[in-house]
Structure formats: C-alpha cells, structure tokens
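Peer 1: Below is a structure I'd like to ask you about.
The values are calculated or read from the model by the stated rules, or taken from the named source; none is laboratory data. In this text the structure is predicted, and so the values were computed from the model without any measurement. All Cβ positions, glycine included, derive from the backbone under ideal geometry; neighbour counts span all protein chains shown. Calculation scope for accessible area: heavy atoms of the full protein, side chains included, ligands and nucleic acids excluded. Shrake-Rupley method; radii C 1.70, N 1.55, O 1.52, S 1.80 Å.
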Amino acid sequence: MIKAIFFDIDGTLKSFKTHSIPQSAIDAINEVKQKGIKVFIATGRYFKQIGDLDGLVFDGLITLNGAHCINSESETIFTNPIPRGNIDALLHYHSESFLFPAIFITEKKELINYIDENVKEISLLVDVPLSPVGALSEADKEEVLQIDAFINKVQEKEILEIILTDCDASRWNPLFADVNVIGNSKRTGIDKFLEYYGLDLSETMAFGDGGNDVEMLKHVSIGIAMGNAGDEAKLVADYITDSVDDDGIANALKYFGII
C-alpha cells in the first residue's frame, strides 16, 4: 500500500507552459490526502520560491534537492551544507580564473553575483523572480546548501574536479546545474521524511521529469516519469505517464488505483 507520494514541482506539478498546476492534479492530490496518504514536495527550488502551490497543503518539503528538509510546521528537520573549503575555492576561482553566474542558497536567502541572458531565461521558464544581485561572499557568512551554477557540462566537469571537489551536480536544463554535496539528492530527503514519519520505502511513490529526479525515481517503490520528462528520468522510471499538461499526475494515480 502506498502511504507517501513525492512530487517534483517544475515540469511535474507545474506546467512550463501555463506556470500553474492543472486542476486535475489539484483534485487528485486532495483526494489522495483524504485517503490518509502523506504528500510531499521534492524540488530543486529554494523554500521561498515554492509559493502556495494553488492552496495544496503538503506534509513536508524536500527543497534544494534534499539539502534542506522542512516539516509541515515549517521547521527544519535536516540540512546538508557544502563544505566551507569548497565555497572558498569557488570564490577564489571566480576572482582569479573564470567568472560565471552562480547563485548561493542558504536556509534564509539566495544571492547571485550577476545576471546574464541564461539566468533571465531560467527565471522566465519557472516563473520565479530573479535572485538579488550581490557579493557571493555575503551569502558565504551562512551555510551554503546549494549552488546554482550557470555553466555547460564541460565547464561543470572541470569545476567539480578541481574546485568543488566534495560536490556533485544534477541538471534538468542544459543552461545550469544544481550543485550539492556528493551523495545528496532528493533520495536523501525521502529517507529523512520516512524516518521522521516512521514509514517504509516499500510504501512510497514519486513523480518527476528531470535529471535531478533520477535518484528519487530509482529509490522509491514506484517511480513515475512525466510524459514530458527527459530521457534520463524515463529510463529509470517504473511507469511513464502523460505530460503535465495532459493530466499526467491524475492519470497515473488512477492507473495505480490510488484514486
């Protein structure tokens, strides 16, 4: 029996076309909750970027790809910061070698060093405001939980090998990478909430569409990729549903007899 379901936001709950959650998904999730099944967000977004999600109420939030987990009372139950040495190395690399747009995200704030066309494109795609611009050293005064690095895959490989040596990266868009501690993923957040609520992995289901959903879809009992998902997510999924704009969440929940 499924007792916990985890939902990615962008491209899964929310459409890239409408920037909203289909009514079919809202109705389906509310029906799931009425059956006593717990529902969770599992996103690469920062807590303050999530918003009210059309009034849906969740039992917990896995944010920053598992690096910050928050319960239904908005209390932090887990963080996984990037080691200080990696942060210092990246700041030095920016000043001495190669400057690229980077967002430092902590529990309480986010800060970007500068904004280019790629940053603007992603902001429009997910319909969230641009991050405030400032010196990254200011965000460095708190624990940095995630870095959004606007670099290509070749640059990413080099930076992970020589600068962010304790980190790994995941992508759902070619324009940037989510950078977190090695071993950290949405899977990490799932395990934290299963422990918190006393649930078993065999009782879990998850929906996702991007590269940063791969570990989550592989980990849960039933991993569902959206019809609009990338190949990485589809290859590891147990089931491929319709796209977010074609009632994919509701259709999959009906297919598995959850609603």
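Peer 1: Can you tell me which residue within the range 192-209, out of those that are of a type in the set (D, E, K, R) and under 12 Å from residue 223 (Cα atoms), is surrounded by the most Cβ atoms within 10 Å (Cβ to Cβ)? First the steps, then the outcome.
Peer 2: Let us first name the residues in the range 192-209 that are of a type in the set (D, E, K, R), namely 192, 195, 200, 203, 209.
Those left that are additionally under 12 Å from residue 223 (Cα atoms): 203, 209.
Numbers: 203: 17, 209: 29.
Across the range 192-209, the extreme among qualifying residues is 209.
Peer 1: Restricting the range 23-55 to residues that are assigned to a loop (DSSP other than H, G, I, E, B), modelled with pLDDT of 95 or more and surrounded by fewer than 21 Cβ atoms within 10 Å (Cβ to Cβ), which is nearest to the chain's Cα centre (by Cα)?
Peer 2: Ranking the candidates gives 37 first.
Peer 1: Across the range 56-92, which residue is surrounded by the fewest Cβ atoms within 10 Å (Cβ to Cβ) among those that are modelled with pLDDT under 95 and among the hydroxyl-bearing types (Ser, Thr, Tyr)?
Peer 2: Ranking the candidates gives 74 first.
Peer 1: Within the range 93-101, can one find any residue that is assigned to a strand (DSSP E or B), under 26 Å from residue 133 (Cα atoms) and not aromatic (Phe, Trp, Tyr)? Full working, then the answer.
Peer 2: As a first pass, look at the range 93-101 and keep what is assigned to a strand (DSSP E or B): none.
No; the residues of the range 93-101 include none that is assigned to a strand (DSSP E or B), under 26 Å from residue 133 (Cα atoms) and not aromatic (Phe, Trp, Tyr).
Peer 1: Additional query: Only residues in the range 74-89 that are within 18 Å of residue 44 (Cα to Cα) count as the first member; pair them with residues that are hydroxyl-bearing (Ser, Thr, Tyr) and open to solvent by less than 40 Å² (accessible area, probe 1.4 Å), Cβ under 7 angstrom, at least 6 apart or cross-chain, and list the lot.
Peer 2: As it stands, the answer is 80/188, since those pairs meet every condition given.
Peer 1: Can you name the residue in the range 72-92 that is part of a strand (DSSP E or B) and under 16 Å from the mean Cα position of the chain (by Cα) and is also farthest from residue 156 (Cα to Cα) among such residues?
Peer 2: Residues of the range 72-92 part of a strand (DSSP E or B): 76-79.
Filter again for under 16 Å from the mean Cα position of the chain (by Cα), leaving 78-79.
Working: 78: 27, 79: 24 Å.
That would be 78.
Peer 1: A further question on this structure: For the structure I just gave you, tell me whether residue 235 is in a helix (DSSP H, G or I), at pLDDT 95 or above, open to solvent by less than 30 Å² (accessible area, probe 1.4 Å) and more than 20 Å from residue 64 (Cα to Cα). Explain how you work it out, then say what you get.
Peer 2: Numbers: in a helix (DSSP H, G or I): yes; at pLDDT 95 or above: yes; open to solvent by less than 30 Å² (accessible area, probe 1.4 Å): no; more than 20 Å from residue 64 (Cα to Cα): yes.
Judged against the criteria, residue 235 is not a match.
Peer 1: If you take the residues of the range 115-124 that are open to solvent by 50 Å² or more (accessible area, probe 1.4 Å) and outside any loop (DSSP other than H, G, I, E, B), which of them is nearest to residue 17 (Cα to Cα)?
Peer 2: Top of the filtered list is 124.
Peer 1: Could you please find all residues in the range 64-73 being under 22 Å from residue 170 (Cα atoms) and free of Cβ contacts under 8 Å to residues at least 40 places away in the same chain? Give the derivation first.
Peer 2: Narrowing the range 64-73 to residues under 22 Å from residue 170 (Cα atoms): 64-70.
Within the range 64-73, 70 is the sole residue that qualifies.
Peer 1: Considering every residue within the range 9-17, establish whether at least one is open to solvent by 20 Å² or more (accessible area, probe 1.4 Å) and of a type in the set (S, T, N, Q).
Peer 2: no
Peer 1: Can you find a residue in the range 182-189 that is outside any loop (DSSP other than H, G, I, E, B) and of a type in the set (A, V, I, L, M, F, W, C)? Step through it out loud before you land on a result.
Peer 2: We begin by selecting, within the range 182-189, every residue outside any loop (DSSP other than H, G, I, E, B); these are 186-189.
Filter once more, so that each one left must be of a type in the set (A, V, I, L, M, F, W, C): none.
Within the range 182-189 (the criterion being outside any loop (DSSP other than H, G, I, E, B) and of a type in the set (A, V, I, L, M, F, W, C)), the answer is no, since none of the residues qualifies.
Peer 1: Further question on the same structure: So, residue 127, is that one of a type outside the set (Phe, Trp, Tyr), open to solvent by 60 Å² or more (accessible area, probe 1.4 Å) and free of Cβ contacts under 8 Å to residues at least 40 places away in the same chain or not?
Peer 2: Working: of a type outside the set (Phe, Trp, Tyr): yes; open to solvent by 60 Å² or more (accessible area, probe 1.4 Å): yes; free of Cβ contacts under 8 Å to residues at least 40 places away in the same chain: no.
Judged against the criteria, residue 127 is not a match.
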